[in-house]
Amino acid sequence: MIRPEALLCPRPEGLYCAPGDFFVDPVRPVTRAVVTHGHADHARAGHGTVIATPQTLAIMAERYGADFAGSVQPVPYGQSVGRDGVDVTLVPAGHVLGSAQAVVAWKGLTMVVSGDYKRRRDPTCPPFEPVPCDVFISEATFGLPVFRHPDDGHEIAKLLRSVQQFPERSHLVGAYALGKAQRIIALLREAGWDRTIYVHGALDRLNHLYEKHGVALGPLAPATSTTKQDFAGQIIIAPPGALADRWSRRFPDPVLAFASGWMQVRARARQRGVELPLVISDHADWDELTATVDELRPGELWITHGREEALLRWAQLHDIKARALALVGYEDETED
Amino acid sequence: MRAFAELLDRLSLTASRNAKLVLLRDHFANAPDPDRGWALAALTGDLVFDAAKPAFIRKAVEARMDPVLFGWSYDYVGDLAETVALVWPARPGANREPELSEVVDALRGASRAEVQRLIEGWLDALDATGRWALLKLMTGGLRIGVSARLAKTAVAAVGPVEVSEVEEVWHALAPPYDDLFAWLEGRSARPTADAPGRFRPVMLAQAIDEAVDFGKLDPADYAAEWKWDGIRVQAVSEGGVRRLYTRTGDDISRTFPDVIEALDFDGALDGELLVLREDGMASFADLQQRLNRKSVTDKMLADFPAGIRAYDLLSDGGQDTRALPFAQRRGRLEAFVGALKTSRIDLSPIQPFATWEELAAQRRQPPPGDPALAEGLMLKRWDSVYEAGRPKGPWFKWKRDPFLIDAVLMYAQRGHGKRSSFYSDYTFGVWSEAVDGSRVLTPVGKAYFGFTDEELKEIDKYVRDHTVDRYGPVRAVRADVRQGLVFEVAFEGLQRSTRHKSGVAMRFPRISRIRWDKPAGEADELATLERMLAQMEGR
C-alpha cells in the first residue's frame, strides 16, 4: 500500500497532489487548483486552471470577474476528471451552493478532502454524501464539544417570534453573503414568511446567482427607503460587517440578529452587541464532525484547519489515527 | 421550563429597558400558573436555591465525558453553567422536559442526594438553553440584568395597574403569587396589603425647572429641606416586625442590624440612610462601605455607624397617615422622632425662607455643617398628601449646580442597541505630569450621555476620523497637546478610589458641553480635581 503522503501533502500553498500535479483550495496562485467551494478563503483568483463544480465556477466568476483564472474545467457532482492515473471526483459537501468534497483516488488509495461541510439539511444545496475512504481530510471550524448547533427551524422560529413581539422595530439579520444569507431567506420562506425580505446591496449579485441556479428566494427588495418607519416589522438581511456600521442607522431601533455558529457562546454575542443570536451554521458542529468520522471509520483522519486539538484528542480516545495539518489561510466564519 | 429558559436567554442579551419590559410582560401574560409565578419569584430574588454547587456539576459532567475535552471547553467559554449546558452529553431515553414548577417543587422538597439525581435527569431532558437556565437557577443568582423593580413593573403591565399598586401588596404575597395574577387578570379582588412590616410605595419628586416653575410657585405654599446625600429608605416597625426597605421595596434589613435595632416604635418612617457620627453625617463614600454587603462585621458597624434622617411619617401607631397634608404629617413626625430614645434616628430640619431668591442664595452657599454636604434642596407643598409615584407639582428637587471640569476625549466605545453603530461611550482624561516631566493624560472618568443625537453624530465622526488604535469595540482617539477633543464634564462629586489610576472617581459624570473651540492643551489638570476633592473632604 502506498503512503497517503505520496498522494496528498501539505505545502505552504495548500494541500498538494504530486502525482496529479494540483492543489486543493490553494491560498496562493498555482498552475492547477481544485476548488471545493466559493468562499473567498478557499476560492482565490489568479490560478492557471480551476477545477470545480459549475456552480462554484459561476460564484467565482461573479465575485472576481470572468477572467478569474487562465482556464476552467467544470466537473458536475458525481463526475470525475483524471490525469496521470489520479482521479478526482466532486461529491456534494452540503456547505453552500456548489460546495463539494474532493475524492482523490490513485492506485487503489482513496482520500477525501471534505472542504467545509455540514450534515444537516439545507434547502439551498444538496446534502453531504459520505464516501468510504482510506484517509478523511476534515475541517474542524467548530471542533470543540461546546459547538452543538440546535435545529435551524427552532432558530428561525425564535426570529419570527421576536418580529411578532416587537412589531415597531426592524429585525436586522447579519449573515455571510455567500450561502448563509440565501439559506436564511429560504428557511424563512419554509417557515411561512412570505413578505418582502429586504437585503443589503452586497447580497444582490449572489442572490440572483442562487435564483438562476434554481434556489427560489421569494420577494426581495433593496433595503433603501426614504422613511425609517417603512422598515418597522420587517426583516432585513445584511453582511455581518454592516450590522454595526453607519449603514444600519436607517432602521427604526433595530433588533440586531446574527446567524452564525459562533453565536452559540453568549460572550461572543455580547461582544458584538447582538441581541438575538441565531445559531445557524454552514459548518459541521462537534456532533457532526465526530459522527462523520465514526461513520466513515477511515484508516486515518487528517484535520485541515479550525480547532484541531480537540478533534485530535477525540480521535485518540477512539483509536483513530489522526494528524493535524495546521493549514493556514482558512478563516471561514471569522468575526467580521 | 422551556418558555422560562428562552425568556432568560433573551433577557441576558437585551440592553434596552423597554425591550426587557415587553419580553417580561409577554411571559407573565402567557405562561401558565404556577410557572409564571415561580419565574417572577426567581427574577425578584424571592426564590434562591443552592441545590447544586459548581463542584458537583463539574463532577457530574466529567463522569460523562473526557475531562480534558471538558477543560478545553470551559477555557473557551469561561462560564461553568454555560459550558456544561453546551457540552452536556445527554443519555438517550430521557423523560419529557420538566416544567419550571416541577423543578421548583422538587428542589424545595427533596433531599440533597435526591436532588442531585434529579438534576442529571433534567439536564438529559432539556436542550442547551434549558440546561443553562436550570443551572443558573440552581446555583443561585440569575444575573441577567433584571431588577426586582423591573420585574414588578412588567407584572403590573399585565393588568395593567400602576407598579406602586403591586409594590403596595407585594410584601403580603408569597410565591407563586396565584392571588396576584388572579387580581391582575380581573378574576378576583385585590389581595390584602395588611401585612405587618410591609413596604409602602414611595413618593418621588420632580426636578424643578428654574426658568418655568418659580414664576408659578408661591414660596408660602412650600417647605424646604436639604436633600441628603445617602439612600432613600423606609423603616417600618409594626407588631414586632421590623424592616428596612430601599425606595424600590428591596428588603435590606439584614445588612443594617444597627438600624433595625433602633426601630423601637410602631410606625413607618420615610427618610435618608446615612452614616451618622457624633459630629454629623459622613460622606456618601462612607455609606458605600455599608451597601451591598452580604455580611456585616463588628468593625464595620463601629467604623461606619448607620442611621436614618427622617423626613416623613407614613404610619403612626397603626394609623395610616399618608392621606394627611404634609404640614400635619410633619407635626406628627417631629413629635414621633422627638419621643425616640435613640441617636440613630434624627429629624431632617426645615430650612426657613421667605422668597425664592433667599432660598437660591442658601442653595449656592449652604450654612456650615451637614447642609454643606447636601445634594441640594427639596421643596414640598405644605398641603400635599403622600402619593406613590412621581406626581407633578407637590414635590420638587432642586439640585446643587454640578461641578465642572474640562477633560480630553481619550477612548470611545461602541454603544449598545440603538447606539450600536455609534461610538457613544467616552473615556476622558486630564493632564498630569509623568515621571520624566512630560505632560500626559490620565483617564478620570467615563460618560455616555449629556449630548444630543446631533452632537453624537458629530462626536462619532470625530472618533472615526481621529482613531489611532483599536481594541475590539474600543477606539483610542488621538489626544495630545496639539490635537484632541475637549469635553466639559459635569459631575456630582468626587471620591478617592484605588481602582482608578488617577486616584479619584467621579459621581454621575456626563458631558455638559462639547468644546470644539478649546485646544486640548488647555484642558484641566489632575491637580484641579485633587483640590476639589480636598475641599469636599474638608468641607
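Which number comes out as Rg/Rh for the protein assembly as shown once both Rg and the Kirkwood Rh are worked out on C-alpha atoms?
1.04
Taking the stretch B:126-145 and a reference point 7 angstrom along Cα→Cβ of residue B:60, the backbone N atoms nearer than 16 Å belong to B:126-141. Given +1 at the Cβ of Lys and Arg, -1 at the Cβ of Asp and Glu and no other charges, the dipole of chain B around its Cα centre is 860 debye to the nearest 20.
By the beta-carbon count within 10 Å of each Cβ, the least crowded to most crowded order of B:188, B:438, fewest first, is B:438, B:188. Legend: P(r) of chain B from all alpha carbon pair distances, 10 Å bins from 0, whole percents, reading 3, 14, 20, 24, 22, 12, 4, 0, 0. The charge dipole of chain A, taken about its Cα centre with unit charges on the Cβ atoms of Lys, Arg (+1), Asp and Glu (-1) only, comes to about 560 debye. Considering only B:498, B:73, B:8, the residue lying farthest towards the positive end of the dipole of the protein assembly as shown is B:498, judged by Cα position with unit charges set on Cβ. In this label model, residue B:111 and residue B:350 are separated by 6.6 nm, measuring between points 7 Å along each Cα→Cβ vector.
If R0 is 56 Å, the Cβ-Cβ spacing of residue B:536 and residue A:328 corresponds to a FRET efficiency of close to 0.45. Taking other C-beta atoms within 10 Å as the exposure proxy, B:72, B:170 rank B:72, B:170 from fewest upward.
The order of A:288, B:458, going from fewest to most other C-beta atoms within 10 Å of their C-beta, is B:458, A:288.
The modelled label-to-label distance between residue A:13 and residue B:188, using points 7 Å beyond Cα along the C-beta direction, is 8.0 nm. Modelled spin-label separation between residue B:319 and residue B:278, with each label point placed 7 Å from Cα along the Cα-to-Cβ direction: 3.8 nm. Between residue A:107 and residue A:317, the C-beta separation translates, for a Förster distance of 45 Å, into a calculated FRET efficiency of about 0.90. Placing a label point 7 Å from the Cα of residue B:247 along the Cα-to-Cβ line, the residues of the stretch B:203-219 whose backbone N sits under 12 Å from it are B:203-207.
Annotation: extensible slack from residue A:21 through residue A:157 equals 44.2 nm (criterion: 0.36 nm per residue apart, minus Cα-Cα distance).
Would you work out the Kirkwood radius for the stretch A:34-156? I mean one over the mean of 1/r across all pairs of different Cα atoms, in Å. So the Kirkwood estimate lands at 15.3 Å. Gyration tensor analysis over the Cα atoms of chain A returns equivalent ellipsoid semi-axes of 36, 22, 16 Å (largest first, whole Å). Here the stretch B:39-101 has an Rg and Dmax of 14.1, 38 Å, counting Cα atoms alone.
Roughly how far apart, in whole Å, are the Cα centres of the stretch B:248-309 and the stretch B:1-71? So the two Cα centres are separated by 33 Å.
If you run the Gaussian network model on chain A, springs between alpha carbon atoms under 10 Å, then out of A:22, A:166, A:251 the most flexible one is A:166. Once the mean of 1/r is taken over each pair of separate Cα atoms and inverted, the stretch B:206-399 shows a Kirkwood hydrodynamic radius of 17.5 Å. Whole-percent P(r), the stretch A:239-301, all Cα pairs, 10 Å bins from 0: 19, 36, 22, 15, 7, 1.
Which whole-number percentage describes the relative contact order of chain A, with Cα contacts under 8 Å and a sequence gap of 6 or more?
Details: 743 pairs, mean separation 55.7, N = 336.
Value for chain A: 17 percent.
Dividing the alpha-carbon radius of gyration of the stretch A:152-278 by the rule-of-thumb value 2.2 N^0.38 Å gives 0.97.
Result for chain A in a Gaussian network model with C-alpha springs under 10 Å: among A:188, A:296, A:57, the largest mean-square fluctuation is at A:296. Helix-only arithmetic for chain B: the sum of -39500 (n - 2.57) across DSSP H runs with n ≥ 4, divided by the residue total, places the mean residue ellipticity at 222 nm at -10500 deg cm²/dmol. Measuring how big the stretch B:188-296 is from its alpha-carbon positions, Rg and Dmax come out at 17.2, 54 Å. Per the Debye formula on identical point scatterers at the alpha carbon atoms of the stretch B:1-49, with no solvent, log10 I(q)/I(0) at q = 0.13, 0.15, 0.18, 0.19 Å⁻¹ is -0.27, -0.36, -0.53, -0.59.
A Cβ-based charge dipole, computed about the Cα centre of the stretch A:147-243 with Lys and Arg at +1 and Asp and Glu at -1, lands at about 140 debye.
Neighbours of residue A:101 by Cβ distance under 11 Å: Lys/Arg scored +1, Asp/Glu scored -1, total -3.
Based on alpha carbons, the Rg and Dmax found for the stretch B:403-538 are 14.4, 44 Å.
Estimate the FRET efficiency between residue B:302 and residue B:465 by the formula 1/(1 + (r/R0)^6), using the beta-carbon distance for r and 56 Å for R0, to the nearest 0.05.
The pair residue B:302/residue B:465 has a calculated efficiency of 0.50.
Each reported figure results from applying straightforward, stated rules to the coordinates on display, with no laboratory input. In this text, all values refer to a predicted model and were calculated from it rather than measured experimentally. Neighbour counts run over all protein chains shown; Cβ positions are idealised from the backbone, glycine included.
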